[in-house]
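The values are calculated or read from the model by the stated rules, or taken from the named source; none is laboratory data. Given the structure is predicted, the values throughout are model-derived calculations rather than measurements. Don't worry about glycine lacking a Cβ; one is built from the backbone with ideal geometry, like all the others, and counts go over all protein chains shown. Protein only, heavy atoms only, side chains kept; ligands, DNA and RNA dropped before computing areas. Shrake-Rupley method; radii C 1.70, N 1.55, O 1.52, S 1.80 Å.
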Amino acid sequence: TTADSLTGKWSGQWGPSPSRQTEVTVEFKWDGKALKGTIDPDRNAFELQQASFDPKTGAITMELDGPNSKKEVVRYKIEGKVSGTTMSGTFDRGGETGTFKIEKK
């Protein structure tokens, strides 16, 4: 995966279960070393505070502070894998866990 393939806008869905999924948009900037970006679950983008990407394995991790379903600020920990133009994996939102799948637009 090259820098160009990760950088850009990705969108799809995430949620606690397959039946409870909401739209999410992620914007990445990858320079070959540092991964930066924002996650926008509800027209309100949150800055990634920690993020890493391994181009050899496609593994990606992201952390940020954002609101849970009760509007409390909690730590999000997101882990996934990039395969072509699709990224999928799991997230932990302050103890609430779920899955996500996004595609590069």
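Seen from V24, the other residues with C-beta closer than 9 Å to its C-beta sum to a net charge of -3, counting Lys and Arg as +1 and Asp and Glu as -1. The simple spin-label model puts a point 7 Å past each Cα toward its Cβ; for D31 and K70 those points are separated by 4.0 nm. Of the solvent-accessible surface of the stretch 5-101, computed with a 1.4 Å probe and all protein chains present, 49% belongs to carbon and sulfur.
Computed with a 1.4 Å probe over protein heavy atoms only, the accessible surface of the stretch 31-105 comes to 61 Å² per residue. Among the protein heavy atoms, those of K29 account for about 130 Å² of accessible surface (1.4 Å probe, every chain in place). Given the options K77, K33, K56, state which has the largest fluctuation in a GNM of the chain using a 10 Å cut-off (strictly under) for Cα springs. Answer for the Gaussian network model of the chain: K56.
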